[in-house]
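Readers should treat all values here as calculations from the given coordinates under stated rules, not as data from a laboratory. Quick caveat: nothing in here was measured; it's all calculated off a predicted structure. Here the Cβ is made from the backbone with ideal geometry for all residues, glycine too, and neighbour counts use every protein chain on show.
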Amino acid sequence: MKNWIVAVKYLFRDFILYNLLFTCIGAYLLTVYGNSSYTHIFWLKVAGYIFTAISYYWYNKKHLYFYHNLGLNKRNLGAIVVSIDGALTLVILIVIKTIFST
């Protein structure tokens with residue numbers, strides 16, 4: 001369990017830097033276009049996940065050996081990071097929506 005926490009902490013720290021840009025663009029779309037932009041935000045985040053995963057795999061491949069040496073699977077790590085980022089995105093969008101809806 002300790003290996004998972006350490007690995008997710010390091011992986012999420014690298015992953016969030018790039019994917020926060022897509023979250024900010026989604027928040028902007030939500031404030032400008034309102035409720036009709038949710039499908040665009042969803043596909044923007046999917047594209048962001050794909051772009052970030054591919055770039056991380058190509059440029060930080062040596063970091064993946066660290067996670068492999070901890071006995072962790074790349075697929076499970078990716079699923080956990082995407083889940084955490086998805087929940088964080090929902091919280092950010094809900095807060096932005098409540099602030100700018102008045």
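Where does the charge balance sit around Val8 when Lys and Arg score +1, Asp and Glu -1, over other residues with C-beta under 14 Å from its C-beta?
+3
Using a cut-off of 21 Å between alpha-carbon atoms, which lysines can reach Lys61, once sequence neighbours fewer than 8 places away in the same chain are excluded?
Within the straight-line limit of under 21 Å, Lys61 reaches these lysines: Lys9, Lys74.
Choose one of Tyr10, Asn69, Ile96: the residue whose Cα lies farthest towards the positive end of the charge dipole of the chain (beta-carbon charges +1 Lys, Arg; -1 Asp, Glu; about the Cα centre).
So the residue we want is Asn69.
Determine, for Tyr65, Tyr33, Tyr49, the number of other Cβ atoms within 10 Å of each Cβ, and report the residues in order from fewest to most.
Tyr65, Tyr33, Tyr49
Can you put Thr52, Thr39, Thr31 in order, fewest other beta carbons within 10 Å first?
Thr39, Thr31, Thr52
I'd like the orientation of helix 2-33 relative to the chain: the angle between its Cα long axis and the longest Cα principal axis, in ° from 0 to 90, rounded to 10.
So the inclination is approximately 20 degrees.
Quick one: helix 74-100 against the long Cα principal axis of the chain, what's the angle to the nearest 10°, folded into 0 to 90?
Once rounded, one gets 20 degrees.
Taking the beta-carbon count within 10 Å as an exposure proxy, list Trp4, Trp58 from fewest neighbours to most.
The fewest-first ordering by Cβ neighbours comes to Trp58, Trp4.
Helix 38-59 versus the longest principal axis of the chain: what is the Cα-based angle in degrees, 0 to 90, to the nearest 10?
Helix 38-59 and the main axis of the chain meet at about 20 degrees.
May I have the pair-distance distribution P(r) for region 2-100, computed from all Cα-Cα distances with 5 Å bins from 0 and rounded to whole percent?
It works out to 2, 13, 24, 22, 15, 11, 8, 5, 2, 0, in whole percents.
With the contact rule set at Cα under 8 Å and sequence spacing of 6 or more, what percent relative contact order holds for the chain?
Relative contact order here is 42 percent.
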